[in-house]
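First the structure, in the form of structure tokens, and then the observations on it.
The values are calculated or read from the model by the stated rules, or taken from the named source; none is laboratory data. A quick note: this is a predicted structure, and the numbers were derived from the prediction, not measured. Reconstructed Cβ throughout: ideal geometry from the backbone, glycine too, with neighbour counts over all protein chains shown. Side chains included, ligands, DNA and RNA excluded: accessible areas come from the protein's heavy atoms. Shrake-Rupley method; radii C 1.70, N 1.55, O 1.52, S 1.80 Å.
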4 protein chains.
Amino acid sequence: MLRVTVVGAAGYIGGELLRLLLGHPEAEVVGAVSSRFPGKRIDGVHPNLRSVTDLTFCSAEDAPESDAVFLALPHRVAMTQIEQWRSRAGVVLDLTGDFRLHDTEVFRRYYGEEHLAPKLLDDFVPGLPELYRERLRTADLISVPGCMATAAVLALHPLVAHDLIDPERGAQVDAKTGSSGSGATAGQANLHAERSGAMRVFAPTRHRHEAEIAQHLGLPAAMTATGVEAVRGAQTLCHATLRPGVGTKDVRRAFRECYAAEPFVRIVAHQRGIYRYPDPKILLGSNFCDVGFALDEDTRRLSAIGALDNLVKGGAGNAVQSLNVRMGLPETLGLTFPGLHPL
Amino acid sequence: MLRVTVVGAAGYIGGELLRLLLGHPEAEVVGAVSSRFPGKRIDGVHPNLRSVTDLTFCSAEDAPESDAVFLALPHRVAMTQIEQWRSRAGVVLDLTGDFRLHDTEVFRRYYGEEHLAPKLLDDFVPGLPELYRERLRTADLISVPGCMATAAVLALHPLVAHDLIDPERGAQVDAKTGSSGSGATAGQANLHAERSGAMRVFAPTRHRHEAEIAQHLGLPAAMTATGVEAVRGAQTLCHATLRPGVGTKDVRRAFRECYAAEPFVRIVAHQRGIYRYPDPKILLGSNFCDVGFALDEDTRRLSAIGALDNLVKGGAGNAVQSLNVRMGLPETLGLTFPGLHPL
Amino acid sequence: MLRVTVVGAAGYIGGELLRLLLGHPEAEVVGAVSSRFPGKRIDGVHPNLRSVTDLTFCSAEDAPESDAVFLALPHRVAMTQIEQWRSRAGVVLDLTGDFRLHDTEVFRRYYGEEHLAPKLLDDFVPGLPELYRERLRTADLISVPGCMATAAVLALHPLVAHDLIDPERGAQVDAKTGSSGSGATAGQANLHAERSGAMRVFAPTRHRHEAEIAQHLGLPAAMTATGVEAVRGAQTLCHATLRPGVGTKDVRRAFRECYAAEPFVRIVAHQRGIYRYPDPKILLGSNFCDVGFALDEDTRRLSAIGALDNLVKGGAGNAVQSLNVRMGLPETLGLTFPGLHPL
Amino acid sequence: MLRVTVVGAAGYIGGELLRLLLGHPEAEVVGAVSSRFPGKRIDGVHPNLRSVTDLTFCSAEDAPESDAVFLALPHRVAMTQIEQWRSRAGVVLDLTGDFRLHDTEVFRRYYGEEHLAPKLLDDFVPGLPELYRERLRTADLISVPGCMATAAVLALHPLVAHDLIDPERGAQVDAKTGSSGSGATAGQANLHAERSGAMRVFAPTRHRHEAEIAQHLGLPAAMTATGVEAVRGAQTLCHATLRPGVGTKDVRRAFRECYAAEPFVRIVAHQRGIYRYPDPKILLGSNFCDVGFALDEDTRRLSAIGALDNLVKGGAGNAVQSLNVRMGLPETLGLTFPGLHPL
């Protein structure tokens, strides 16, 4: 039984980690750290866990030693606490943005500040098993990518791996996301009356996930991020131009070769029906990332599409999957919820 | 041209008052008072008014004399400021709960505090033209009822006026409402991720509007209030028991006699179609209150139903309608927007 | 391993049955009957089951013998097919309305037609383990109650069992429900543009679940049903009057005595927080029915509240729970998904 | 007083036309043609018009002569009926796709069929006053553009008119839209339970509006269209690359020069606040198209953004505005509703 601790356990990502880990057959939650609610019952903050657990939050000081610790902290806090947590856990899985970008220059550009632990950057392995599985098997520091980055990277990866797209043109990523991505802290921007029914372009340029996409793919990438009416779910439309001579068959083969054996990436490519392309609507609660594509052969313009639940495959689920890989457990352990339809 | 001032102009009710008054052919907005945003442009807070007005908010001190002032303040604040405003305006229309209940004992029970201006209570006429039109023609102090109270009172009024229901049994009112009713101030309860898709019983007993219903109808009334997924809109299902011998025809006649000449109350009683009963969905932005009923003749159980836009007929629109009555203007002036379908 | 068949497997309840049974450790889905889609892949209709199953639908004729068969058919169809299915399965669990009402007179009143298999009515045990667990252990014919009936019955049952409410006054039930309850067949009433954001009173009187409530509780019950913006989820507010002398403590004790040991009924009674009362928002996908109450001690008016996912505890989950009881399996088997927050 | 007729008056665009024209001070609705509902009351189909009008639908044969006729028909039907209607009205405003594309080859590519009235194509003036105002003053045949095309064209037009973007790279348009755009006819794809909460890529390539964008701007344009949770509203993110040396100031000036005098195009360019970029949420019911842009000066990548109500400025409102221009009326007549906030 793995002893695991969640730090930042009162947030939305923290709550998903708790939900998944409490249901994980090989994990025991030994600590749920919250600086705001120490001593308070977990299910007072995460009402879906009522009758599932009697645990209470604890302070960081009271957190026990553990085999793995998950950091679901605000950005910037993780890099100030990283030394503290790695000394108390065999494996640290960071879900913040602090250790996602390996180039401190890029970090400065996107985060507007200096990195506080640059020496550790190269020790972090991205928590994205589809691209970094082998390195994850021995990683003690894991940095889970951003939700929209994960959706875009998984959608574009086969095209890059098979060298099918024009690298100069790069990728234009149009990302849509629900409101849970901005966290559990109330503010005017997330007031229901303001956020409900919105199509809010909240980051037309320089979203931090943009830099992650470029880093993982080695491809110039531009991303716009729009909040749409949803609590969970993210979808990325990734526009690129195919190299001359590349056709639908090549793209299909690339996707198949990359993902046929992946337990959590499904290729969605249907001729008919309502769910012909990846749609997060049917993925909520699940750890799947659905990917697909559409191609205008006349213009060689391709749109690769990724969809996921931003809190699961875009965060907590991806982290648990990475832990499974790291610990040599079956990769799908604790992650088999299939999603609901309709919802 | 009436010179009008809106106090508390940065809130949601304040914004609706501005929208309606800026489009009112006989009104000129001379003051938009906001304690938070003096000097700031109105359309910075109410983005729907961009290009509609260049006005800025002012502080209370800078508010000019006016023919009418609308108080869209937090509860309790209105009764502390009432003397100040009535000295500076011919007519004061209060949209808070402060002057809705005429019995200080009842006020204490529902608001949990003492009334600060009890002597004024009898001078206030309820801003509900359908019941108090004659008194409104000469009223200088007008208290606009609560949104759910308005919907319930208009749904039940014909039954009471025609003495059709068993007064001892009273009325059980089930109210549903959107999130805008709780105002423009962000808090955990109204965080989009929490409020979205909710069916939240936020006041199963002792909602303040319950006391208003009882007061206007002279009938024991119990109300439960549930927040459902919507920004605007409120609906009340008002359950009562008919007196022996009363049938559908009698109820229909009562509604018709009360409302046939009312410009803003529509009797919705259709045999078929999707919109057979009052539904706020088609009323958003409009000043209509739709009313209807269903009757189980075997059990004499009647459900009277009311629906409205909580910010319009349930607040700002009702206030403007009351002003029109008070000033001898055509009652529908500035209030003719019919609502959108679909929406 | 139990061999189970789902009839009407292409509908929403059918899809939920498949989701639950495919994940059930002691069940094997041997047949998924659909008259519309024989030969078609299940995941073509239920996209959440992609990569979960390769099964295809079959026709009724091709359905294999099985230990249990679930009928998720349109109303009226179940009673015409019941003999056929009970001859081919050890246990039949019917999720339609056909065998819910044991009094043919009541059936006629609520369904507007004659019952076609009245002799079987007494052989059906209601699939509501909280009230009928012992009888279910040996039942070969099980009739799963309606979703709103289940929520209302579970909310009111402790009050009736402990004789706390005035039976003459009966119960007034106000039910709210999402759109999935009306099934997977498209029609004008469920067109997104019409149904979205609605507060649609679709059955102010004589909803069929009303009769179920009265039957299970032995109490006069009146129910109104309103569709609100949601796909899944149902909530019932059940208004009743306490007998003289009964107080909060008595009610609390009644709930605790009835449900302390129930695995799927949670008593929600919190002094603070957003989720103080049962709200289906946190129950989607789960088999929980949350119950709670609020009491105005001055007037002895009590509102008991029930909430559930209409497709799970209000249908498919309740059926699987009943099957677990019948087969002597752990009652929670295959039903432990805790729900998502936020969603 | 203009005598106007709406053909296809029972659809969603037809309903918006009726709403706007019934409130238009210089128009009189003399005919509302519906092949499905002749003789039926208009407000039976458009419940927001209850008490606004007593009109009934008529058949095409019974439609009176009129000064202007609006065709809100299904695609393909307009071109079969065009001769009939132009002989009975001074001005024909077509809101279908039939006369939007002037090149029959392009029409064939996007509509998959032959045009049936190619000779008329050159006589149609696009009903987009911002680009074609002068020609509209004398046009007898007007073709109102598609909703997403209008949003994209108005967002990109200043950049093209001022020659600021690299024409070779063209524009990548990412369009989001509500469900009302697909009309009032029920089908599985628009079933509430399926459409609700969706992020559905329904046209990743070859959407018909794509061809309109290219035609109006003379620019290669690729468009993807995604249905998001909304009934009304459309938003286009239009990605392009600026020519070397072009900066924010130039873009800003281009927008200002094009739109400073436009009554229905607002430039939304705010440094802070929730509504910094165009969002249809605050435009529902209004005839505004909000436009804005964001620029990454390092990469010269520009995202121009357009937002509108697909049924108003994206359809019926644009048509009425075009009629106002054609008839020499004040352009804003009947179109001054400012939109609601919050909604």
Do we find a residue being within 12 Å of chain D (Cβ to nearest Cβ) and either crowded, with 17+ Cβ neighbours inside 10 Å or at negative phi (or both) anywhere in the range B:66-87? no
Answer with yes or no whether C:Pro342 is more than 14 Å from chain B (Cβ to nearest Cβ), over 19 Å from C:Ile213 (Cα atoms), assigned to a loop (DSSP other than H, G, I, E, B) and in contact with a helix residue (DSSP H, G or I) (Cβ under 8 Å, 6 or more places away or on another chain). no
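When residues of the range C:184-196 are filtered for being under 15 Å from A:Leu343 (Cα atoms) and either facing chain B (nearest Cβ under 7 Å) or of a type in the set (Asp, Glu) (or both), how many remain? Lay out the reasoning, then the answer.
Taking the range C:184-196 and keeping what is under 15 Å from A:Leu343 (Cα atoms), we get C:184, C:190, C:192, C:195-196.
Those left that are additionally either facing chain B (nearest Cβ under 7 Å) or of a type in the set (Asp, Glu) (or both): none.
Of the residues in that region, 0 qualify.
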Considering residues that are under 15 Å from D:Ser196 (Cβ atoms) and touching an Asp or Glu at 6+ places or on another chain (Cβ under 7 Å), the number found within the range C:168-203 is 4
Applying the selection to the range B:154-175, what residues are free of Cβ contacts under 8 Å to residues at least 60 places away in the same chain and either closer than 18 Å to B:Tyr12 by Cβ or in a helix (DSSP H, G or I) (or both)? B:Val160
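Can you tell me which residues in the range C:2-15 are away from chain A (no Cβ under 14 Å), out of contact with any Pro (no Cβ under 9 Å at 6 or more places or on another chain) and open to solvent by 10 Å² or more (accessible area, probe 1.4 Å)? Even if it seems obvious, please write down each step before you answer.
Of all residues in the range C:2-15, those away from chain A (no Cβ under 14 Å) come to C:2-8.
Checking the rest, the ones that are also out of contact with any Pro (no Cβ under 9 Å at 6 or more places or on another chain) come to C:2, C:4, C:6-7.
Scanning the range C:2-15 gives a single hit, C:Leu2.
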Since A:Lys313 meets every condition but one in (1) among the basic types (Lys, Arg); (2) crowded, with 24+ Cβ neighbours inside 10 Å; (3) farther than 12 Å from A:Val144 by Cβ, which condition does it not meet? (3)
Residues in the range D:330-343: is at least one in the same structural domain as D:Ile213 (by TED's automatic domain parsing), crowded, with 21+ Cβ neighbours inside 10 Å, under 28 Å from A:Arg195 (Cβ atoms) and more than 14 Å from the chain's Cα centre (by Cα)? no
By residue number, the members of the range D:136-156 that are open to solvent by 10 Å² or more (accessible area, probe 1.4 Å) and within 18 Å of D:Leu308 (Cβ to Cβ) are D:Cys147
Residues satisfying the stated conditions in the range D:205-220, i.e. at pLDDT 95 or above and at the interface with chain A (Cβ under 10 Å from one of its Cβ atoms): D:Glu210, D:Pro220
Name the single residue, out of those in the range D:167-183 being within 12 Å of chain A (Cβ to nearest Cβ) and over 18 Å from D:Gln235 (Cα atoms), that is most open to solvent (accessible area, probe 1.4 Å). D:Glu168
Does the range A:101-130 hold any residues that are touching a residue at least 40 places away in the same chain (Cβ under 8 Å) and hydroxyl-bearing (Ser, Thr, Tyr), and which are they? A:Tyr110, A:Tyr111
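Among the residues of the range C:298-322 satisfying the criterion of being basic (Lys, Arg) and within 19 Å of C:Ala152 (Cβ to Cβ), which is farthest from the other protein chains (Cβ to nearest Cβ)? Break it down into steps so the answer makes sense when it comes.
First, pick out the residues of the range C:298-322 that are basic (Lys, Arg): C:300-301, C:313.
Checking the rest, the ones that are also within 19 Å of C:Ala152 (Cβ to Cβ) come to C:301, C:313.
Numbers: C:Arg301: 5, C:Lys313: 13 Å.
Among those residues, the one meeting the criterion is C:Lys313.
Among the residues of the range C:266-289, write down those that are away from chain B (no Cβ under 11 Å) and open to solvent by less than 10 Å² (accessible area, probe 1.4 Å).
Step one: of the range C:266-289, the residues away from chain B (no Cβ under 11 Å) are C:266-267, C:269-271, C:285-289.
Answer for the range C:266-289, where residues must be away from chain B (no Cβ under 11 Å) and open to solvent by less than 10 Å² (accessible area, probe 1.4 Å): C:Gly285, C:Ser286, C:Asn287, C:Cys289.
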Please enumerate the residues belonging to the range A:16-45 that are assigned to a strand (DSSP E or B) and within 11 Å of A:Arg3 (Cα to Cα). A:Ala27, A:Glu28, A:Val29, A:Val30, A:Gly31
In the range B:112-129, how many are open to solvent by less than 20 Å² (accessible area, probe 1.4 Å) and in contact with a strand residue (DSSP E or B) (Cβ under 8 Å, 6 or more places away or on another chain)? 5
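Quickly run through the range A:103-128 and pick out the residues that are touching a Pro at 6+ places or on another chain (Cβ under 9 Å) and within 22 Å of A:Gly314 (Cα to Cα).
Going residue by residue through the range A:103-128, those that are touching a Pro at 6+ places or on another chain (Cβ under 9 Å) are A:104, A:107, A:126-128.
Of everything in the range A:103-128, those that are touching a Pro at 6+ places or on another chain (Cβ under 9 Å) and within 22 Å of A:Gly314 (Cα to Cα) turn out to be A:Phe107, A:Pro126, A:Gly127, A:Leu128.
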Conditions first: (1) crowded, with 20+ Cβ neighbours inside 10 Å; (2) within 26 Å of C:Glu194 (Cα to Cα); (3) within 23 Å of the chain's Cα centre (by Cα). B:Leu323 passes all but one, so which condition is the exception? (2)
Looking at this structure, is C:Arg76 in the same structural domain as C:His115 (by TED's automatic domain parsing) and at pLDDT below 95? yes
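Just checking, which of B:Glu229, B:Glu257, B:Glu262 is more than 14 Å from chain C (Cβ to nearest Cβ), of a type in the set (Asp, Glu) and open to solvent by less than 30 Å² (accessible area, probe 1.4 Å)?
Details: B:Glu229 fails: more than 14 Å from chain C (Cβ to nearest Cβ); B:Glu257 fails: open to solvent by less than 30 Å² (accessible area, probe 1.4 Å).
Being more than 14 Å from chain C (Cβ to nearest Cβ), of a type in the set (Asp, Glu) and open to solvent by less than 30 Å² (accessible area, probe 1.4 Å) holds for just one of B:Glu229, B:Glu257, B:Glu262, which is B:Glu262.
Applying the selection to the range B:16-32, what residues are more than 23 Å from D:Thr332 (Cα to Cα) and either touching a helix residue (DSSP H, G or I) at 6+ places or on another chain (Cβ under 7 Å) or open to solvent by less than 10 Å² (accessible area, probe 1.4 Å) (or both)?
Keep residues of the range B:16-32 that are more than 23 Å from D:Thr332 (Cα to Cα), which gives B:30-32.
The answer is B:Gly31, B:Ala32.
I need the strands (runs of 3 or more DSSP E) fully contained in the range C:179-266, keeping only those with at least 3 residues that are within 17 Å of the chain's Cα centre (by Cα). Quick ask: steps written out before the conclusion?
Details: elements: C:200-203, C:221-227, C:234-241.
Output list reads C:221-227, C:234-241.
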Sort through C:Ala211, C:Ala225 and tell me the only one that's more than 25 Å from B:Thr236 (Cβ to Cβ) and touching a Phe, Trp or Tyr at 6+ places or on another chain (Cβ under 7 Å). C:Ala211
Is it the case that D:Ala60 is under 30 Å from B:Phe288 (Cα atoms) and open to solvent by 10 Å² or more (accessible area, probe 1.4 Å)? no
Which one of the conditions (1) free of Cβ contacts under 8 Å to residues at least 40 places away in the same chain; (2) in contact with a helix residue (DSSP H, G or I) (Cβ under 8 Å, 6 or more places away or on another chain) does D:Arg276 fail to meet, given that it meets all the rest? (2)
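Given the options C:Arg109, C:Arg50, C:Arg133, name the one that is surrounded by 21 or more Cβ atoms within 10 Å (Cβ to Cβ), charged (D, E, K, R), at negative phi and in contact with a helix residue (DSSP H, G or I) (Cβ under 9 Å, 6 or more places away or on another chain).
Numbers: C:Arg109 fails: surrounded by 21 or more Cβ atoms within 10 Å (Cβ to Cβ); C:Arg133 fails: surrounded by 21 or more Cβ atoms within 10 Å (Cβ to Cβ).
Within the list C:Arg109, C:Arg50, C:Arg133, the selection yields C:Arg50.
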Looking at (1) crowded, with 23+ Cβ neighbours inside 10 Å; (2) out of contact with any Cys (no Cβ under 8 Å at 6 or more places or on another chain); (3) part of a strand (DSSP E or B); (4) at the interface with chain A (Cβ under 9 Å from one of its Cβ atoms), which is the only condition D:Leu295 fails? (1)
List every residue pair whose Cβ atoms lie under 9 Å apart, where the two residues are 6 or more positions apart in sequence or sit on different chains, the first residue falls within the range A:213-238 and is free of Cβ contacts under 8 Å to residues at least 60 places away in the same chain, and the second residue, located anywhere, is of a type in the set (Phe, Trp, Tyr) and open to solvent by 10 Å² or more (accessible area, probe 1.4 Å). A:Thr226/A:Phe202; A:Thr226/D:Tyr277; A:Gly227/A:Phe202
